[in-house]
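Report on the structure given below.
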Amino acid sequence: MNLNPHLPLVYHPNYSFSFDPNHRFVMSKFAYLQQHLQQLGLINNNLIQPALGHPDPLEIVHCENYINDLWHNRLDEKAMRRIGLPWSEALMARTFTAPLGTLQTARLALEHGIACHLAGGTHHAHSDFGSGYCMVNDLAFSAQTLIESGEITNVLIFDLDVHQGDGTAAILAHQPYAFTCSIHCDKNFPFRKSASDLDVGLAVGVEDDEYLAVVDETLHFLLKQLNPDLVLYDAGVDVWQHDGLGKLNISWQGLEKRDHLVLKRCLAYNTPVATVIGGGYDKDHRRLAARHGIVVEQAAQF
């Protein structure tokens, strides 16, 4: 396999910090992912560090009160329980830096054709509340920022996390130049779904062939219809058959084929594509990092 060590990769050391190793959300996966890619020889002066974040830029898609209360630890217990993560200064540092990382990845994709963020995909965050381990929405933030700045005319958010991208859909519902598509397991979190521009709900237990056909046909149709300036691709790996929260039956090879065909389709249309890692749950933290590395390995082949 011929891998390109010059693929732009975006990462900040604050993405992983000291955190309960038994928590369902694996905070160590970002650092392990960076180490995994280093071992594969995919990091070679191509690692770009985003600026440290703070709430102000996020006001483009989030309610000012919500993100300032979050930042200053003023949210009530119910709001924090809905997010599912314990508040800390380290968590706030990574939470507000990661959206800048996705935005930087998008800009690098516009310049180079393809770029990968070693985080991102916090698609359950709504404008005024967090949910499902997501506090601020990097996908909606990046799309809205690029549209408002005039850097792009239109964008396709192609979300293949096993869970529906409800927050992204809700935030961008009235943004005519952002098209949200979510292909997810229908009988899974969130139980109250938002309406994406296109939702494809899959049955529990769907396997590789059916899944890959749906992904390919949907993306082919959308690229042809929309001719987007950019694709933001949420390459969630929780569709894997042994994922802790998945409910689909996609093999490791199926994940590789999926990411390859998504990237290949985008590049065949000369459409820049920026990838984020999305969700993945596993008690084996290094195996999870390797799963998240699949999209980067596939991108490095182009």
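When residues of region 145-154 are filtered for being surrounded by 17 or more Cβ atoms within 10 Å (Cβ to Cβ), out of contact with any Leu (no Cβ under 6 Å at 6 or more places or on another chain) and farther than 18 Å from residue 50 by Cα, how many remain?
Qualifying residue count, region 145-154: 2.
Report yes if some residue within region 260-276 is under 25 Å from residue 20 (Cβ atoms) and crowded, with 23+ Cβ neighbours inside 10 Å; otherwise report no. Please lay out each step first, then the result.
Keep residues of region 260-276 that are under 25 Å from residue 20 (Cβ atoms), which gives 276.
Going one step further and asking which of them are crowded, with 23+ Cβ neighbours inside 10 Å, we end up with 276.
Yes: region 260-276 contains one or more residues that are under 25 Å from residue 20 (Cβ atoms) and crowded, with 23+ Cβ neighbours inside 10 Å.
List pairs: first residue in region 272-291 and free of Cβ contacts under 8 Å to residues at least 40 places away in the same chain, second residue crowded, with 19+ Cβ neighbours inside 10 Å anywhere in the structure, Cβ distance under 9 angstrom, at least six positions apart or on different chains.
283/26
Out of the residues in region 221-258 that are charged (D, E, K, R) and crowded, with 23+ Cβ neighbours inside 10 Å, state the one that is farthest from residue 190 (Cα to Cα). Walk me through it before giving the result.
From region 221-258, those charged (D, E, K, R) are 224, 229, 234, 238, 243, 247, 256-258; that's our starting set.
From what is left, the residues that are crowded, with 23+ Cβ neighbours inside 10 Å are 234, 238, 258.
Working: 234: 17, 238: 14, 258: 23 Å.
So, considering only residues that are charged (D, E, K, R) and crowded, with 23+ Cβ neighbours inside 10 Å, the one farthest from residue 190 (Cα to Cα) is 258.
Condition check ((1) among the charged types (D, E, K, R); (2) surrounded by fewer than 19 Cβ atoms within 10 Å (Cβ to Cβ); (3) in contact with a Lys or Arg (Cβ under 6 Å, 6 or more places away or on another chain)) across all residues:
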site: 18; (1), (2), (3): no, yes, no
site: 37; (1), (2), (3): no, no, no
site: 40; (1), (2), (3): no, yes, no
site: 45; (1), (2), (3): no, yes, no
site: 51; (1), (2), (3): no, yes, no
site: 56; (1), (2), (3): yes, yes, no
site: 62; (1), (2), (3): no, no, no
site: 73; (1), (2), (3): no, yes, no
site: 83; (1), (2), (3): no, no, no
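Quick check, is residue 90 among the small types (Gly, Ala, Ser), crowded, with 20+ Cβ neighbours inside 10 Å and either within 21 Å of residue 52 (Cα to Cα) or touching a residue at least 24 places away in the same chain (Cβ under 8 Å) (or both)?
Numbers: among the small types (Gly, Ala, Ser): yes; crowded, with 20+ Cβ neighbours inside 10 Å: no; either within 21 Å of residue 52 (Cα to Cα) or touching a residue at least 24 places away in the same chain (Cβ under 8 Å) (or both): yes.
The answer is no for residue 90.
In this structure, is residue 18 closer than 27 Å to residue 84 by Cβ, modelled with pLDDT under 95 and hydroxyl-bearing (Ser, Thr, Tyr)? Spell out the reasoning first.
On the way: closer than 27 Å to residue 84 by Cβ: yes; modelled with pLDDT under 95: yes; hydroxyl-bearing (Ser, Thr, Tyr): yes.
When the stated conditions are applied, residue 18 passes them.
Here is a yes/no grid of residues against (1) assigned to a helix (DSSP H, G or I); (2) in contact with a strand residue (DSSP E or B) (Cβ under 9 Å, 6 or more places away or on another chain); (3) among the hydroxyl-bearing types (Ser, Thr, Tyr):
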residue: 43; (1), (2), (3): no, yes, no
residue: 51; (1), (2), (3): no, no, no
residue: 62; (1), (2), (3): no, no, no
residue: 66; (1), (2), (3): yes, no, yes
residue: 69; (1), (2), (3): yes, no, no
residue: 80; (1), (2), (3): yes, no, no
residue: 98; (1), (2), (3): yes, yes, no
residue: 107; (1), (2), (3): yes, yes, no
residue: 127; (1), (2), (3): no, no, yes
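The values are calculated or read from the model by the stated rules, or taken from the named source; none is laboratory data. From a predicted model like this one, the values you see are computed outputs, not experimental measurements. We place every Cβ from the backbone using ideal geometry, glycine too, and count neighbours over all the protein chains shown.
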